[in-house]
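Written out below as C-alpha coordinates is the structure these notes cover.
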Amino acid sequence: MTVSGSSDFTRTRDQIIKRALRLVGSIKAGETPDAQEVTDAAEALNAMVKRWQKKQLHVWAVAEATLFPQASQVKYSLSSSSTDHATETFYETAVTTAATASSTTIAVNSTANMTVSDYIGFVLDSGGIHWSTLSSKTSSTATIASGLASAAAAGNAVFNYTTKIVRPLKIVDARRYNIASAQDTPISETQGALMSRLDYMALPNKTQTGTINRVFYDPGRDTGYLHLWQPVSSVRDLVKFTWHRPIMDFDAAGDTPDLPQEWFDALAFNLADSIKLEYDVPAERAMMISQQAAQYLDDVSGDDREGESVFIGLDMQP
(Lines give C-alpha, C1' and ligand atoms only; values in the text may rest on other atoms or scores of the structure.)
Protein backbone atom coordinates (compact mmCIF):
# COMPACT_ATOMS: atom_id res chain seq x y z
CA MET A 1 0.00 0.00 0.00
CA THR A 2 1.32 3.44 -0.95
CA VAL A 3 0.30 6.67 0.78
CA SER A 4 0.85 10.16 -0.56
CA GLY A 5 2.98 11.44 2.30
CA SER A 6 1.16 14.78 2.14
CA SER A 7 -1.73 16.29 4.09
CA ASP A 8 -2.02 19.72 2.48
CA PHE A 9 -5.37 19.37 0.68
CA THR A 10 -7.10 22.73 0.41
CA ARG A 11 -9.87 24.54 -1.47
CA THR A 12 -10.11 28.08 -2.80
CA ARG A 13 -13.02 30.47 -2.47
CA ASP A 14 -14.23 29.81 -6.01
CA GLN A 15 -13.89 26.04 -5.68
CA ILE A 16 -16.14 26.17 -2.60
CA ILE A 17 -18.59 28.38 -4.50
CA LYS A 18 -18.67 26.02 -7.50
CA ARG A 19 -19.42 23.05 -5.27
CA ALA A 20 -22.24 24.93 -3.56
CA LEU A 21 -23.69 25.94 -6.93
CA ARG A 22 -23.55 22.30 -8.09
CA LEU A 23 -25.41 21.29 -4.93
CA VAL A 24 -28.26 23.72 -5.63
CA GLY A 25 -28.32 22.67 -9.29
CA SER A 26 -27.23 25.99 -10.77
CA ILE A 27 -24.35 24.38 -12.67
CA LYS A 28 -23.33 20.87 -13.61
CA ALA A 29 -19.96 19.17 -13.13
CA GLY A 30 -17.32 20.86 -15.27
CA GLU A 31 -19.38 23.98 -15.91
CA THR A 32 -18.27 27.46 -14.91
CA PRO A 33 -20.68 29.83 -13.15
CA ASP A 34 -21.10 33.32 -14.54
CA ALA A 35 -19.47 36.29 -12.82
CA GLN A 36 -22.65 37.51 -11.12
CA GLU A 37 -23.32 34.09 -9.58
CA VAL A 38 -19.79 34.04 -8.16
CA THR A 39 -20.16 37.58 -6.79
CA ASP A 40 -23.49 36.76 -5.13
CA ALA A 41 -22.20 33.49 -3.67
CA ALA A 42 -19.02 35.18 -2.36
CA GLU A 43 -21.20 37.71 -0.56
CA ALA A 44 -23.21 34.90 1.01
CA LEU A 45 -20.05 32.99 1.94
CA ASN A 46 -18.52 35.96 3.75
CA ALA A 47 -21.77 36.75 5.55
CA MET A 48 -22.10 33.12 6.65
CA VAL A 49 -18.58 32.99 8.09
CA LYS A 50 -19.12 36.28 9.91
CA ARG A 51 -22.30 34.84 11.41
CA TRP A 52 -20.33 31.81 12.61
CA GLN A 53 -18.00 34.14 14.53
CA LYS A 54 -20.82 34.96 16.94
CA LYS A 55 -21.10 31.25 17.71
CA GLN A 56 -17.39 31.36 18.62
CA LEU A 57 -16.64 28.61 16.08
CA HIS A 58 -13.01 29.55 15.69
CA VAL A 59 -10.70 27.94 18.24
CA TRP A 60 -7.91 28.19 15.63
CA ALA A 61 -8.37 31.97 15.65
CA VAL A 62 -7.63 32.39 19.35
CA ALA A 63 -4.40 34.39 19.49
CA GLU A 64 -2.04 36.18 21.85
CA ALA A 65 -1.27 39.88 21.67
CA THR A 66 0.56 42.57 23.62
CA LEU A 67 -0.61 46.09 24.44
CA PHE A 68 2.00 48.79 25.10
CA PRO A 69 0.57 51.12 27.74
CA GLN A 70 1.35 54.82 28.11
CA ALA A 71 1.74 56.72 31.36
CA SER A 72 -1.66 57.80 32.78
CA GLN A 73 -3.59 56.55 29.72
CA VAL A 74 -6.80 54.71 30.58
CA LYS A 75 -8.41 53.79 27.25
CA TYR A 76 -6.74 52.17 24.23
CA SER A 77 -8.24 51.68 20.78
CA LEU A 78 -7.59 48.30 19.15
CA SER A 79 -7.74 48.09 15.36
CA SER A 80 -5.39 47.96 12.41
CA SER A 81 -5.67 51.76 12.05
CA SER A 82 -5.36 52.63 15.75
CA THR A 83 -2.91 55.24 16.97
CA ASP A 84 -2.34 53.04 20.03
CA HIS A 85 -0.02 50.05 19.86
CA ALA A 86 -0.95 46.37 20.16
CA THR A 87 0.47 43.48 18.17
CA GLU A 88 0.76 39.71 18.09
CA THR A 89 4.54 39.63 17.66
CA PHE A 90 7.10 42.12 18.90
CA TYR A 91 10.85 42.19 19.48
CA GLU A 92 12.75 43.80 22.31
CA THR A 93 16.24 45.25 22.58
CA ALA A 94 17.74 48.13 24.59
CA VAL A 95 19.41 51.51 24.21
CA THR A 96 23.21 51.19 24.50
CA THR A 97 24.21 54.85 24.63
CA ALA A 98 22.06 57.47 26.33
CA ALA A 99 20.02 59.45 23.81
CA THR A 100 18.87 63.05 24.27
CA ALA A 101 15.56 64.64 23.37
CA SER A 102 15.03 65.06 19.60
CA SER A 103 17.58 62.34 18.75
CA THR A 104 16.69 60.45 15.58
CA THR A 105 19.63 58.03 15.42
CA ILE A 106 19.87 55.91 18.57
CA ALA A 107 22.44 53.25 19.47
CA VAL A 108 20.81 49.93 20.38
CA ASN A 109 21.97 46.43 21.28
CA SER A 110 20.76 44.86 18.04
CA THR A 111 18.66 45.62 14.99
CA ALA A 112 18.61 42.03 13.74
CA ASN A 113 14.84 41.71 14.19
CA MET A 114 14.01 45.17 12.86
CA THR A 115 12.58 45.92 9.42
CA VAL A 116 12.44 49.35 7.84
CA SER A 117 8.99 50.92 8.38
CA ASP A 118 8.43 48.90 11.58
CA TYR A 119 6.76 50.66 14.47
CA ILE A 120 9.49 51.29 17.05
CA GLY A 121 9.07 52.46 20.63
CA PHE A 122 11.65 53.71 23.14
CA VAL A 123 10.97 53.72 26.88
CA LEU A 124 11.82 57.25 27.99
CA ASP A 125 13.29 58.38 31.29
CA SER A 126 10.04 60.28 31.84
CA GLY A 127 8.18 56.95 32.03
CA GLY A 128 6.35 56.97 28.70
CA ILE A 129 7.10 55.28 25.38
CA HIS A 130 8.08 57.34 22.34
CA TRP A 131 6.67 55.74 19.18
CA SER A 132 7.90 56.36 15.67
CA THR A 133 8.69 54.32 12.56
CA LEU A 134 12.06 52.90 11.58
CA SER A 135 13.56 54.85 8.68
CA SER A 136 16.86 52.98 8.40
CA LYS A 137 19.27 50.92 10.47
CA THR A 138 22.79 49.63 10.85
CA SER A 139 23.70 46.62 12.96
CA SER A 140 23.83 48.80 16.08
CA THR A 141 21.81 51.97 15.36
CA ALA A 142 18.20 52.71 14.57
CA THR A 143 17.19 55.87 12.71
CA ILE A 144 13.59 56.92 13.34
CA ALA A 145 11.19 59.25 11.55
CA SER A 146 10.43 61.50 14.53
CA GLY A 147 12.95 62.47 17.20
CA LEU A 148 12.65 61.33 20.80
CA ALA A 149 10.23 63.38 22.88
CA SER A 150 12.66 63.30 25.81
CA ALA A 151 15.82 61.52 26.95
CA ALA A 152 16.28 57.74 26.98
CA ALA A 153 19.05 56.34 29.19
CA ALA A 154 21.31 53.41 28.32
CA GLY A 155 19.52 50.20 29.22
CA ASN A 156 16.02 51.52 28.48
CA ALA A 157 13.89 49.02 26.57
CA VAL A 158 13.23 49.37 22.85
CA PHE A 159 10.32 47.56 21.16
CA ASN A 160 9.55 47.04 17.51
CA TYR A 161 6.82 45.30 15.54
CA THR A 162 5.40 45.27 12.04
CA THR A 163 1.61 44.82 12.18
CA LYS A 164 -1.11 46.06 14.52
CA ILE A 165 -3.86 43.67 15.51
CA VAL A 166 -7.36 44.03 14.08
CA ARG A 167 -10.36 44.62 16.34
CA PRO A 168 -10.69 41.69 18.77
CA LEU A 169 -14.09 40.03 18.86
CA LYS A 170 -13.45 39.19 22.49
CA ILE A 171 -10.65 39.33 25.07
CA VAL A 172 -10.70 36.35 27.40
CA ASP A 173 -7.60 36.70 29.58
CA ALA A 174 -4.91 39.24 30.49
CA ARG A 175 -1.47 39.21 32.12
CA ARG A 176 1.09 41.82 33.15
CA TYR A 177 4.48 41.41 31.48
CA ASN A 178 7.25 43.00 33.49
CA ILE A 179 9.83 44.53 31.17
CA ALA A 180 12.78 44.18 33.57
CA SER A 181 12.18 40.56 34.62
CA ALA A 182 10.45 39.35 31.41
CA GLN A 183 7.93 37.58 33.65
CA ASP A 184 4.17 37.24 33.17
CA THR A 185 1.79 37.70 36.12
CA PRO A 186 -1.93 36.90 35.86
CA ILE A 187 -3.98 40.03 36.44
CA SER A 188 -6.16 39.71 39.55
CA GLU A 189 -6.65 35.94 39.73
CA THR A 190 -9.01 36.20 42.69
CA GLN A 191 -11.35 38.82 41.24
CA GLY A 192 -11.02 37.97 37.58
CA ALA A 193 -9.05 40.18 35.26
CA LEU A 194 -11.94 40.95 32.92
CA MET A 195 -14.52 43.38 34.23
CA SER A 196 -18.07 43.76 33.06
CA ARG A 197 -19.15 47.12 31.69
CA LEU A 198 -21.30 47.85 34.75
CA ASP A 199 -18.51 46.99 37.19
CA TYR A 200 -16.03 49.14 35.31
CA MET A 201 -18.39 52.09 35.07
CA ALA A 202 -19.03 51.83 38.83
CA LEU A 203 -15.36 52.43 39.67
CA PRO A 204 -15.16 55.78 41.46
CA ASN A 205 -11.73 56.87 40.18
CA LYS A 206 -10.67 55.52 36.82
CA THR A 207 -7.64 57.78 36.40
CA GLN A 208 -5.81 57.09 39.68
CA THR A 209 -2.49 55.53 38.66
CA GLY A 210 -1.10 52.35 40.16
CA THR A 211 -0.68 48.70 39.20
CA ILE A 212 -2.80 47.24 36.40
CA ASN A 213 -5.24 44.96 38.25
CA ARG A 214 -8.29 44.73 36.01
CA VAL A 215 -9.24 45.32 32.38
CA PHE A 216 -12.53 46.05 30.64
CA TYR A 217 -12.95 45.42 26.92
CA ASP A 218 -15.61 47.10 24.80
CA PRO A 219 -15.63 45.41 21.35
CA GLY A 220 -17.30 48.36 19.65
CA ARG A 221 -18.28 48.02 15.98
CA ASP A 222 -15.18 48.87 13.93
CA THR A 223 -12.74 49.53 16.77
CA GLY A 224 -12.40 47.82 20.14
CA TYR A 225 -11.48 49.71 23.30
CA LEU A 226 -9.44 48.24 26.13
CA HIS A 227 -9.64 50.05 29.49
CA LEU A 228 -6.93 49.51 32.11
CA TRP A 229 -7.49 49.80 35.83
CA GLN A 230 -5.37 51.16 37.23
CA PRO A 231 -3.48 53.11 34.55
CA VAL A 232 0.29 53.20 35.07
CA SER A 233 2.25 56.25 36.19
CA SER A 234 5.27 55.04 34.19
CA VAL A 235 5.73 52.09 31.87
CA ARG A 236 7.17 49.15 33.76
CA ASP A 237 4.73 46.51 32.54
CA LEU A 238 3.10 45.61 29.25
CA VAL A 239 -0.28 43.90 28.98
CA LYS A 240 -0.42 40.52 27.28
CA PHE A 241 -3.86 39.16 26.47
CA THR A 242 -5.66 36.26 24.81
CA TRP A 243 -8.14 37.35 22.16
CA HIS A 244 -10.49 36.03 19.52
CA ARG A 245 -9.57 37.48 16.14
CA PRO A 246 -12.07 37.73 13.27
CA ILE A 247 -12.02 35.02 10.61
CA MET A 248 -10.39 36.44 7.49
CA ASP A 249 -12.54 37.42 4.53
CA PHE A 250 -12.75 35.70 1.15
CA ASP A 251 -11.74 38.65 -1.03
CA ALA A 252 -10.41 36.96 -4.17
CA ALA A 253 -11.01 33.84 -6.25
CA GLY A 254 -7.87 32.11 -5.03
CA ASP A 255 -8.27 32.87 -1.32
CA THR A 256 -8.19 29.75 0.84
CA PRO A 257 -10.38 29.52 3.95
CA ASP A 258 -9.17 30.83 7.28
CA LEU A 259 -10.53 27.58 8.66
CA PRO A 260 -9.01 24.12 9.07
CA GLN A 261 -9.27 21.44 6.38
CA GLU A 262 -11.98 19.66 8.36
CA TRP A 263 -14.36 22.53 7.59
CA PHE A 264 -14.41 22.27 3.79
CA ASP A 265 -17.58 20.12 3.62
CA ALA A 266 -19.29 22.37 6.18
CA LEU A 267 -18.41 25.45 4.12
CA ALA A 268 -19.72 24.09 0.83
CA PHE A 269 -22.95 22.56 2.17
CA ASN A 270 -23.78 25.49 4.45
CA LEU A 271 -23.16 27.92 1.60
CA ALA A 272 -25.54 25.86 -0.55
CA ASP A 273 -28.05 25.99 2.31
CA SER A 274 -27.65 29.77 2.56
CA ILE A 275 -28.28 30.42 -1.15
CA LYS A 276 -30.88 27.73 -1.90
CA LEU A 277 -33.77 30.22 -1.68
CA GLU A 278 -32.20 32.20 -4.53
CA TYR A 279 -32.47 29.15 -6.81
CA ASP A 280 -35.35 26.93 -7.82
CA VAL A 281 -34.30 24.03 -5.59
CA PRO A 282 -36.95 21.31 -5.21
CA ALA A 283 -38.26 21.01 -1.65
CA GLU A 284 -36.94 17.48 -1.11
CA ARG A 285 -33.45 18.39 -2.31
CA ALA A 286 -33.49 21.60 -0.27
CA MET A 287 -34.29 19.58 2.85
CA MET A 288 -31.46 17.14 2.11
CA ILE A 289 -29.01 20.04 1.69
CA SER A 290 -30.15 21.56 5.00
CA GLN A 291 -29.82 18.26 6.86
CA GLN A 292 -26.37 17.56 5.46
CA ALA A 293 -25.23 21.12 6.15
CA ALA A 294 -26.35 20.86 9.78
CA GLN A 295 -24.62 17.49 10.15
CA TYR A 296 -21.31 18.73 8.74
CA LEU A 297 -21.40 21.86 10.91
CA ASP A 298 -22.15 19.77 13.99
CA ASP A 299 -19.32 17.36 13.14
CA VAL A 300 -16.68 20.08 13.15
CA SER A 301 -18.07 22.51 15.74
CA GLY A 302 -18.29 19.80 18.38
CA ASP A 303 -14.50 19.64 18.49
CA ASP A 304 -13.98 23.39 18.26
CA ARG A 305 -13.26 23.90 21.95
CA GLU A 306 -10.06 24.12 23.92
CA GLY A 307 -9.52 21.95 26.97
CA GLU A 308 -9.69 24.09 30.10
CA SER A 309 -8.98 23.53 33.76
CA VAL A 310 -12.01 23.34 36.06
CA PHE A 311 -11.67 24.33 39.71
CA ILE A 312 -14.31 23.51 42.30
CA GLY A 313 -14.32 25.10 45.73
CA LEU A 314 -16.60 25.96 48.62
CA ASP A 315 -18.16 29.40 48.95
CA MET A 316 -17.64 30.22 52.62
CA GLN A 317 -19.36 33.59 52.49
CA PRO A 318 -22.60 33.89 54.51
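The values are calculated or read from the model by the stated rules, or taken from the named source; none is laboratory data. Just so we're clear, the structure is a prediction, and the values are computed from it rather than from any experiment. Virtual Cβ from ideal backbone geometry, glycine too; neighbours counted across all protein chains shown. The area values use the complete protein model at the heavy-atom level, side chains included, leaving out ligands, DNA and RNA. Shrake-Rupley method; radii C 1.70, N 1.55, O 1.52, S 1.80 Å.
One residue is enough: does region 254-268 have a residue meeting the conditions open to solvent by 20 Å² or more (accessible area, probe 1.4 Å), out of contact with any helix residue (DSSP H, G or I) (no Cβ under 7 Å at 6 or more places or on another chain) and without any contact (Cβ under 8 Å) to a residue 24 or more places away in the chain? No, that holds for no residue. Where residues in region 39-66 are at pLDDT 95 or above and assigned to a strand (DSSP E or B), which of them is surrounded by the fewest Cβ atoms within 10 Å (Cβ to Cβ)? Among those that are at pLDDT 95 or above and assigned to a strand (DSSP E or B), it is GLU64.
Being touching a Leu at 6+ places or on another chain (Cβ under 9 Å) and either more than 30 Å from TYR91 (Cα to Cα) or free of Cβ contacts under 8 Å to residues at least 24 places away in the same chain (or both) is true of ARG19.
Pairs linking a residue in region 145-172 that is acidic (Asp, Glu) to a residue that is open to solvent by 20 Å² or more (accessible area, probe 1.4 Å), with Cβ atoms under 9 Å and 6 or more positions apart or on different chains, do not occur. For the condition open to solvent by 50 Å² or more (accessible area, probe 1.4 Å), assigned to a loop (DSSP other than H, G, I, E, B), out of contact with any Ser or Thr (no Cβ under 9 Å at 6 or more places or on another chain) and over 30 Å from GLY302 (Cα atoms), THR97 qualifies. Among the conditions (1) free of Cβ contacts under 8 Å to residues at least 60 places away in the same chain; (2) open to solvent by less than 70 Å² (accessible area, probe 1.4 Å); (3) farther than 25 Å from LEU226 by Cβ; (4) part of a loop (DSSP other than H, G, I, E, B), SER26 misses just one, which is (1).
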